[in-house]
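The values are calculated or read from the model by the stated rules, or taken from the named source; none is laboratory data. What you are looking at is a predicted structure, and each value in this text was computed from that prediction instead of being measured. Every residue, glycine among them, receives a Cβ derived from its backbone with ideal geometry; neighbour counts consider all protein chains shown. SASA here: full protein model, heavy atoms, side chains in, ligands and nucleic acids out. Shrake-Rupley method; radii C 1.70, N 1.55, O 1.52, S 1.80 Å.
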There are 2 protein chains.
Amino acid sequence: MGRVVEITDVILRDAHQSLLATRMAMEDMVPVCKDLDDAGYWSLEVWGGATFDACIRFLNEDPWERLRMFRKLLPKTKLQMLLRGQNLLGYRHYEDGVVERFVNKAVENGMDVFRVFDALNDLRNLKVPMAAVKKAGGHAQGTICYTVSPVHKIPAFVDMAQHLKDMGADSICIKDMAALLKPQVAYDLVKGIKEKCGADTLIHVHAHATTGVTLVSLMKAIEAGCDIVDTSISALSLGSGHNPTEALIEMLEGTGFETRVSKELILKVNNYFTKIRPRYREFASDFTGVDTEIFKSQIPGGMISNMESQLKGQGAGDRLQEVMEEVPRVRQDSGFPPLVTPSSQIVGTQAVFNVLMGKYKAMTGEFADLMLGYYGSTLGEKNPEVLAKAEAQAKKPPITVRPADLLKPEWDTLRADALKLENCRDDDEDILTFAMFPQVAPKFFKARPNGPLNLGVDPVVKPDAPATAPASQAKAEAGGDATVKRPMTYVVTLQGREHKVTVSAPT
Amino acid sequence: MGRVVEITDVILRDAHQSLLATRMAMEDMVPVCKDLDDAGYWSLEVWGGATFDACIRFLNEDPWERLRMFRKLLPKTKLQMLLRGQNLLGYRHYEDGVVERFVNKAVENGMDVFRVFDALNDLRNLKVPMAAVKKAGGHAQGTICYTVSPVHKIPAFVDMAQHLKDMGADSICIKDMAALLKPQVAYDLVKGIKEKCGADTLIHVHAHATTGVTLVSLMKAIEAGCDIVDTSISALSLGSGHNPTEALIEMLEGTGFETRVSKELILKVNNYFTKIRPRYREFASDFTGVDTEIFKSQIPGGMISNMESQLKGQGAGDRLQEVMEEVPRVRQDSGFPPLVTPSSQIVGTQAVFNVLMGKYKAMTGEFADLMLGYYGSTLGEKNPEVLAKAEAQAKKPPITVRPADLLKPEWDTLRADALKLENCRDDDEDILTFAMFPQVAPKFFKARPNGPLNLGVDPVVKPDAPATAPASQAKAEAGGDATVKRPMTYVVTLQGREHKVTVSAPT
């Protein structure tokens, strides 16, 4: 018997977030939960990240209800979520009382493992959420956002791991959102943490597959003592997603490492998702291969398509290459932040501005805040000229305190504002939903009684479909106001002959 | 400076054979040859395998002319080919004189490295072609077809490597056509060969990517001392193809191993093929993910689609799963041959027969020959009952001699028959083309003066395309008699509104 390597499958959260724009309906996950629960995973990542936003914005689904349902359907397996530290699942810093309430409610509704990260790796932004997780009885996973820069050396990451442990972390996650973690670094980093923080320090490696090298990195991490790895069932893997669970299991044969996951059960899960995936082709990422240019730009897959659409919106779709080259410069000017939500969007958008309008001629408010410390501190030094411009534009001083220290208690105001909304319930869950998504929540509360949507569309086109299927009909069938696109079958007559023509909906 | 790991890029042969049905036109390879030649590869695989067949069958292109052109365009880099031992590039055994002529002509026209394999790993089938390569001044790469079975243990493969070395092999290839080579076996096998055959034994690992684990296997092979690995430019990689060249190079950073390949030049090559690949979408393999079920069935990707179409042709498209389970049994009955051309087709077709008509109720002539030793010997013992049936059906005895020993000199007959054909030249190249493809060569010789075809189709559909583009016109534009399919744009009027409808050609 070899050493057991544990697996967290991200199929129910990050896999469809990375590959299907987070659109998978709960309805399409329910049938497979029993097999996933029995399969022998360390945990299943099911919540957090962009799923909360997607639930209320696109799926008319209550994310708290989703969590409760997962708890019911997955009684044996630890549930795991991704939490953006002091930002929770939103895009700003929240006052500590709100953070604590969120964590308490997540635990109450069934969450076990909280992967808590901060985009800048600022430990101060992790302190309150991690303490809240501990207090509520959850598993607090302290997270290192992996990035590459002249200031991000292995000893710095190892030190960060020790600080996280000192803060009470139950495990340490090495989070490689852009697939930058190469095999040798993976080995050295895991080895370094185990040596400094103790051999019993639980290390969990999360790596995307985008650059094609990270399955090798997982092998090396395991050789160095890594305890848990993230993978995804193969039907929803690779591209800007994750390494396939099945491949990880097979890879370990004969190496002296083994997993507890049942190949038989996950084969069933894979067969299931092989059928489900095509239902979401409309939302599928175009990128299915390998891109090693990311090692230069460090730009995660999702960010590139964001920048591309920003550029196209400005009639400058041909300037993507310039932007890709500008991103590393903007990153250097802002102190080498890791690129992950929200820093990736902030740096990416500023790079677009620089290319279109000239270097820092215009600055987004968010970028000025990043420069001035309102998101926290960065490991690298900031470019003083750009800092001065940020100060001038934002008309506020740089700060060095923890950003949330500047916030006043806000729960009562949030509650009062939330309760003005139609259908908002007077419970912490709804108020938290409003707190995180004040623009989207009103519409969601109103529409919630209509029930969740399933935006997936069966790809089979019946040969005897009606001659015309107007868009309005397709929309009506989906049972909601979401824009549903599906292939249309027309019967057309050309040069005296009848043709059946199936046309994919434009995306 | 670390140890240099050399790379063979298979982009010009096996990559498009595995992913685009071997259809890439020479015209689409020419512009990239300069960069490939300058990039620093150990060799470029450019010829052999199915390319010869595809050239004359689909592309109206003289494969010998292709070889000469590659030689001219790639003056600095070794050219490499895949040779099916005594079968050459055809599907039967050839008499030794024909084998020698083929090898001589290949060397004369510019070939350097001959990867010589036998589907059954029968060394007797490798002896004459390898000796011919040595005599003609080429590099003879002795090949082990990797497979997994109760009789295929590491010591057996290591012994085979030693035998190949004794036969004069300049290097040893571990050929993993179905992506079965797991990391630990890769390590142990390379280590075992280096220990038994000497540390200076050049080891070249060829692995497909289909199961998702083989980039890790290449890492382990390299750690064990492997000298050369096969990869493919990322734009034409993964799925049932190969691991991406760029990922291999990046993977090695910091490990103490490095390559000589220029990242800058192969980025140009990749950008080029990123544009070219969509031209061949009609021929593209549907499979782009990872399939670990192959570890059970051992069926290479191409074989599954073959069996599927055989089944569909019999109205039994729903019985694929039964056939997949039958393949390992047929393989056991026939002595555990590795599954690679032609044994993969022979075993696969027999499995289809067994499922459709009952166990060995009907036997293909090829399967009977395989049972009776007419392709050579297998490592495992054959099922005596099935052997008896094969003997009864084929009405010939089993043999134990080298199959080609039963063949009489055949060159003069082949030449006489070839020269009867319209446009057949009286040179060895044309006669060899006829010898390998007697059914296809007559048509090819006749059409050859029309020049090579390019079956690639630009995916951009002009918005102002004519309302109808009849198939015959598309055909005419392609400049030959191949069936060319391209998207058609129709203008159709439905419910009083005009629509522009673009329809992909059926495949």
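See the values below:
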item	result
Quotient of Cα Rg and 2.2 N^0.38 Å for segment B:57-187, N being how many residues it contains	1.11
Distance between segment A:290-310 and segment B:127-184 - C-alpha centres, whole angstrom	42 Å
Histogram of C-alpha separations across chain B, 10 Å bin width, %	4, 18, 28, 28, 15, 5, 1, 0
Percentage relative contact order, segment A:144-200, counting C-alpha pairs under 8 Å, at least six apart	49 percent
Antiparallel %, DSSP beta bridges [both residues in segment B:146-293], to 5	10 percent
Global geometry of segment B:179-282, whether rounded, prolate or oblate, following the gyration tensor of its Cα atoms and the 1.5 cut on a/c	prolate
Two-decimal Rg/Rh across segment B:387-461, once Rg and the Kirkwood Rh are taken from alpha-carbon atoms	1.23
Total lysine pairs whose alpha carbons fall under 14 Å of each other in segment A:347-469 (8 or more apart, or interchain)	4
1.4 Å probe, heavy atoms, protein only - residues of segment B:225-249 losing at least 10 Å² accessible area vs chain alone	B:Ser234, B:Leu238, B:Pro244, B:Glu246, B:Ala247
Average Cα contact separation per residue, chain B, under 8 Å, 6 or more apart, as relative contact order %	17 percent
Threshold 20 Å² - residues in segment A:201-223 whose accessible area is reduced by that much or more when the chain is no longer isolated, probe 1.4 Å	A:Gly212, A:Val213, A:Leu215, A:Val216, A:Met219, A:Lys220, A:Glu223
Evaluated at q = 0.05, 0.06, 0.09 Å⁻¹: base-10 log I(q)/I(0), Debye formula over Cα of the protein assembly as shown	-0.34, -0.50, -1.09
Summed buried accessible area for B+A [probe radius 1.4 Å, Å², rounded to 100]	2900 Å²
Segment A:327-414 - percent of accessible surface contributed by carbon and sulfur, probe 1.4 Å	55 percent
Probe 1.4 Å, accessible area per residue of chain A, Å²	39 Å²
Accessible-area composition of segment A:184-296, carbon plus sulfur, in percent [1.4 Å probe]	51 percent
Set of aspartates and glutamates near A:Lys76 by C-alpha distance (under 17 Å), chain-local residues within fewer than 8 positions excluded	A:Glu6, A:Asp9, A:Asp35, A:Asp37, A:Asp38, A:Glu45, A:Glu108, A:Asp112
Interface residues, segment A:169-185 - accessible area loss of 10 Å² or more versus chain alone, probe 1.4 Å	A:Lys182, A:Pro183, A:Gln184
Computed [θ] at 222 nm, helices only, for chain B once each DSSP H run of length n ≥ 4 contributes -39500 (n - 2.57)	-12000 deg cm²/dmol
Between segment A:329-402 and segment B:192-235, the alpha-carbon center distance in angstrom	45 Å
Segment A:212-265 shape via C-alpha gyration tensor axes, a/c threshold 1.5	oblate
Normalised convex hull volume, segment B:89-136, alpha-carbon set, Å³ per residue	74 Å³
Computed over segment A:280-346, Cα set: Rg, Dmax in Å	12.6, 39
Beta bridges per DSSP with both ends in chain B, % antiparallel, nearest 5	20 percent
Peptide A:252-258, shielding by other chains (average Cβ, 10 Å cutoff)	4
Label spacing, shortest first and in nm, from A:Gly365 to its equivalents in the remaining copies (7 angstrom along Cα→Cβ)	8.1
10 Å-binned pair-distance histogram of segment B:131-236 (Cα, whole percent)	16, 49, 28, 7
Mean projection area, nm², convex hull over Cα of segment A:1-106	7.9 nm²
Whole-Å semi-axes of segment B:261-399's equivalent ellipsoid (Cα gyration tensor)	36, 19, 13
Entries of B:Lys78/B:Lys105; A:Lys191/A:Lys263; A:Lys268/B:Lys296; A:Lys263/B:Lys220 with Cα pairs more than 27 Å apart	A:Lys191/A:Lys263
Percent carbon-and-sulfur accessible area, segment A:70-137, ignoring ligands, DNA and RNA, probe 1.4 Å	51 percent
Convex hull projection area averaged over all views, segment A:234-276, Cα basis, nm²	3.3 nm²
DSSP beta bridge pairing in the protein assembly as shown, given as percent antiparallel to the nearest 5	20 percent
